[in-house]
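Since the structure comes first, as C-alpha cells, the remarks are kept for the end.
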Amino acid sequence: MVSSLARRGDRLVGVGPRGLVLLSVDGGGSWKQVPAPVSADLVSVKFAAGDTVWAVGHDAVALRSVDAGATWERVLDGRSVLKLLRSTYGSAAQAGDARAKGMLDEFDRAMEQSATPGVLPAPFLDVWFGANGEGYLVGAFGLILRTADHGKTWAPWIEHVDNDSRFHLYGVSGTAERLYVAGEQGLLLRLDRQQGRFVKVDTPYKGTYFGIDVQPGRLLAYGLRGNVYLSRNDGQQWDKVDTGIDAHIVAAVNAGDDRVLLVSQAGHVLALKPGSLKVQPLQVPFTSEVLSAVAAGSKSLVFGQINGIRVVELMGYSLQ
C-alpha cells in the first residue's frame, strides 16, 4: 500500500505502512525501496526547499530527508512529542493557566489509549514547509506543531487554532501568504498572521475535508463522497463543484492554466474546466483503491494504491 506520493521533477517519493519509503528517479518508471528509521505507518510525504523531503505518520512520527529521499532521519516521534507537549503546557499550568491544565488532562486521557507506554498514540496526517523554514505538522485530535527554523525546534500550536472540539486535521496546504488547514466536520482554517493563529473559514459543507488546493485566485476544498467546493475570493463565498460521483476525493492535481484533475478513491479522474463548476470525466484504466496521486510527465498520473503504485496514461489530455 502506498498512502502518499510527492514529486519534484523526475524524482518521486512514496510512503506507506510499517515505514515503507519508495523512491523513483525516472518519473515513476522504476522504483526502489529505501531504508527508514521507523516501523510506524507513514501517511503523508511532501517536498520542502531544496532537496529536503518530509514524511509523517502514526505514533507522531516525523522523518526528514536532505538528499531528495535517498536517506532518512527521525526528527520526532511519539515519545519526543509527548515530552514536548507536557513540558510546554506543564510550565503554563504551573503558572496558573487553566487552559494549559485542561490540555494536560487531554494528553493523560490520550495516553490511556496508547498501546506503548510513553508513546503519544496520535498520528501526524500532513506536513507543510515554506521556503523560509517555517513549517507545520497537523494530525488527529487537533494535534499541530510549528517550527520557524526548518524543523530544528518545534512548538505546540494547539491553542493557536479555532478547533476547541479537537477535530482531526487532515491536510495543510498553500503558501506563506495563504496557508490553509482542512479537517473533519467541515473544518477549514486559514492562517491569520496578525492574530498568530489559524482562524475558522465558513464553508457550506459539514462533512470531512481531506485537503485543500491553493492556487492564485482559487481555493479548492475536497473530501468525502465526491464533495468539492470552489472559492475564488479566499473563502468568502463557495460554490459546489458538480462531480457526479459519491466516491471520496483523495487528490487534486494541477494541470496548468487554471486546470485541475480531481482523483477519487475509486479511481475516477475528473478534469475541472477553467471558470466552471462542471467536470469532464477522463477515460483511465480500471484500478484498485486509490489513496494518492501526482502528475508524472505531461500525459500521465502516478497513483498510490492499496496494492502498490501504478502509472496511468491520460488519453487525449495534457497536463501542461
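Which whole-number percentage describes the relative contact order of the range 1-157, with Cα contacts under 8 Å and a sequence gap of 6 or more?
16
Around G196, under 12 Å between beta carbons, what's the net of Lys plus Arg minus Asp minus Glu among the other residues?
Here the count lands on +1.
Give me P(r) over the range 87-170, computed from all C-alpha to C-alpha distances, binned every 5 Å, as integer percentages.
In whole percents, the pair-distance histogram is 3, 14, 21, 25, 21, 12, 4, 1.
Report the GluC sites (Glu not before Pro) located in the range 42-120 that are in a DSSP loop and have at most 12 other Cβ atoms inside 10 Å of their Cβ, or state none.
Listed in order of number, the matching sites are E112.
Of all trypsin sites (Lys or Arg not before Pro) in the range 265-320, which ones are in loop regions per DSSP and have a Cβ with at most 16 other Cβ atoms within 10 Å?
Qualifying residues, ordered by number: K299.
For the range 4-250, with the dipole built from +1 on Lys and Arg beta-carbon atoms and -1 on Asp and Glu ones, taken about the Cα centre, which of L42, A70, L145 lies farthest toward the positive end?
Checking the options against the dipole of the range 4-250, the answer is A70.
Can you give the angle from 0 to 90° between the axis of helix 98-111 and the longest principal axis of the chain, with both taken from C-alpha atoms, to the nearest 10?
So the helix axis and the longest Cα principal axis differ by about 70 degrees.
Can you check how the C-alpha radius of gyration of the range 196-253 compares to 2.2 N^0.38 Å, as a plain ratio?
In units of the 2.2 N^0.38 Å rule of thumb, it is 1.10.
Which pairs break 20 Å Cα to Cα here: K273/K299; K46/K83; K240/K273; K83/K152; K101/K152?
Table pairs above 20 Å Cα-Cα are K46/K83; K101/K152.
What's the angle, to the nearest 10 degrees (0 to 90), between helix 78-94's Cα axis and the longest principal axis of the chain?
50
Within the range 201-258, list the trypsin sites (Lys or Arg not before Pro) lying in a DSSP loop whose Cβ has at most 14 other Cβ atoms in a 10 Å radius.
Loop-located and lightly packed - K206, R232.
Quick one: work out Rg over Rh on the C-alpha atoms of the chain, Rh as Kirkwood radius.
Rounded to two decimals, Rg over Rh is 0.96.
Given an 8 Å cut-off on Cα distances and at least 6 residues of separation, report the relative contact order of the chain as a percent.
11
So what's the convex hull volume per residue for the Cα atoms of the range 203-320, in Å³?
91
Read the figures in this text as sums done on the coordinates, not as results from a lab. Because the structure is predicted, anything quoted here is derived from the model rather than measured. All Cβ positions, glycine included, derive from the backbone under ideal geometry; neighbour counts span all protein chains shown.
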